[in-house]
Amino acid sequence: MGKVVDRFISYSRIDTQSDENSDSCPSTTSQLDLATILKEEMEAMGLDEVTLDDNGYLMATLPSNMQKELPVIGFIAHMDTSPEMSGKNVNPQIVKNYDGKDITLNKSKNIVLSPDDFQDLKKYSGHDLITTDGTTLLGADDKAGIAEIITAIEYLINEPGIEHGKIRIGFTPDEEIGRGADMFDITTFGADFAYTVDGGEEGELEYENFNAAMAVVDIEGRNVHPGTAKNQMINSIHLANEFNAMLPTQERPEHTEKYEGFFHLIDIKGKVEKSRIRYLIRDHDSKKFKEKKTLLRNITSFMNEKYGKKRVKLNIKDQYLNMRDIITEHYHVVELAEKAMIQAGVKPLVRPIRGGTDGARLSYMGLPCPNIFTGGHNFHGRFEFIPVKSMINAVNTIINIIKLIPVTY
Ligand SMILES: [Zn+2]
């Protein structure tokens, strides 16, 4: 089981950051570096049907060792890391037997992971933790998922006495930029249902996620010499601020939780002449999701009436939908995971994802796909960490799901 840690650390050192400004698939070729290593690793383990397609989707099969007709189940994780924080030169630190106090991630830069800032840390007193060195993200999202899936499959290969059906494995690129499912061929994958192993804290089991869209607001100003600017200059940066100020302050990620949606301002770039604002729009409730988009349209109309000349252009692109409607028709998939967790000594935490996963899109494409935990915390930033025990429990959960199939179906 120590192997899951070694695997995770070796994958985390490979920079696989995705890039939303790239149109190619995968968005960055570095993701193929990891894909190639994983392909070789799975071939060496003796898995069947190991394929890496041109778009960077890696699939493999653990064949059934039973006569009985059983559903084919899949396990999916993504290879890329978030564009929000560097994933280059990741240097994981192992904190043995955590003492419950501040963890100095980086002495020279004075970066501290503190239980005062991150309450969840308190649960892991006495545990071994894997952290960053404070300069990058860790990439447990979702390289922990990859390491856990491979380790579970390796266990089954080494224990041929355990009976199981056919298992499919899928590792995808570009999940973090919302494209992980774009080129996922569910026919080739051929599973009846699947799990993404892409959740956070130990026990997480999720089949509800946000409805998601991205909004880009382009604002055109008019630049003239500031000395003669009166009644002539239109400073697009001020318009951008005005636009942003019309969104409800309480509907920001930092002020919302559970089923509350938000507008997430991800960046403002601006000069007098031209500015661009980008938002992520998120809501579990499809009605409220629509209302959020309508509000942005109304603000755009208001600004254009006020400043004329269609200075403000709004472009909204839907990203994914809440998978709840699909999964509730196949609720046995959720119950199976719950049972597997309980058998692994893990308390299932069924709660809505405040984000999305590949699984949401895949569910709409016809592959019901809830999400289970990796064990990681504080994804997408320098304070990301993962307890070793949670990784081991994730491996056991995957093994238990596979073991439960022949007795359930
Ligand atoms: Zn992820």
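Overview of values
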| quantity | calculated |
| --- | --- |
| Residue match in the range 281-299 (condition: hydrophobic (A, V, I, L, M, F, W, C), more than 24 Å from the chain's Cα centre (by Cα) and over 24 Å from Glu20 (Cβ atoms)) | no |
| Matching residues in the range 242-265 - criterion: being surrounded by fewer than 13 Cβ atoms within 10 Å (Cβ to Cβ) and under 30 Å from Arg324 (Cβ atoms) | Pro248, Thr249, Gln250, Glu254, His255, Glu257, Lys258 |
| Condition check for Leu129: away from the ligand (no atom under 16 Å from the Cβ), within 26 Å of Gly203 (Cβ to Cβ) and buried (at least 19 other Cβ atoms within 10 Å of the Cβ) | yes |
| Scope the range 160-187; condition assigned to a loop (DSSP other than H, G, I, E, B) and open to solvent by 50 Å² or more (accessible area, probe 1.4 Å); matching residues | Pro160, Gly161, Glu163, Lys166, Arg179, Asp182, Met183, Asp185 |
| Of the criteria (1) touching a helix residue (DSSP H, G or I) at 6+ places or on another chain (Cβ under 6 Å); (2) under 26 Å from Asp267 (Cα atoms); (3) surrounded by 21 or more Cβ atoms within 10 Å (Cβ to Cβ), which one Gly87 fails | (1) |
| Answer residue from the range 233-272, given it is closer than 26 Å to Asp285 by Cβ and part of a helix (DSSP H, G or I) and is nearest to the chain's Cα centre (by Cα) among those | Pro253 |
| Qualifying residues in the range 267-293 (those that are without any contact (Cβ under 8 Å) to a residue 24 or more places away in the chain and open to solvent by 60 Å² or more (accessible area, probe 1.4 Å)) - the one farthest from Arg222 (Cα to Cα) | Lys287 |
| Residue, nearest to the ligand (Cβ to nearest atom), within the range 334-363, restricted to residues that are within 15 Å of Ile399 (Cα to Cα) and part of a loop (DSSP other than H, G, I, E, B) | Val346 |
| So Met391, is it crowded, with 24+ Cβ neighbours inside 10 Å, in a helix (DSSP H, G or I) and at pLDDT 95 or above | yes |
| Which listed residue is closer than 26 Å to Lys403 by Cβ and within 16 Å of the ligand (Cβ to nearest atom), from Gly180, Gly170, Gly165, Gly139 | Gly170 |
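The values are calculated or read from the model by the stated rules, or taken from the named source; none is laboratory data. Note that this is a predicted model, so its numbers are computed, not measured. Cβ: placed from backbone, ideal geometry, glycine included. Neighbour counts: every protein chain shown. All accessible areas refer to the heavy atoms of the entire protein, side chains included, with ligands and DNA or RNA removed. Shrake-Rupley method; radii C 1.70, N 1.55, O 1.52, S 1.80 Å.
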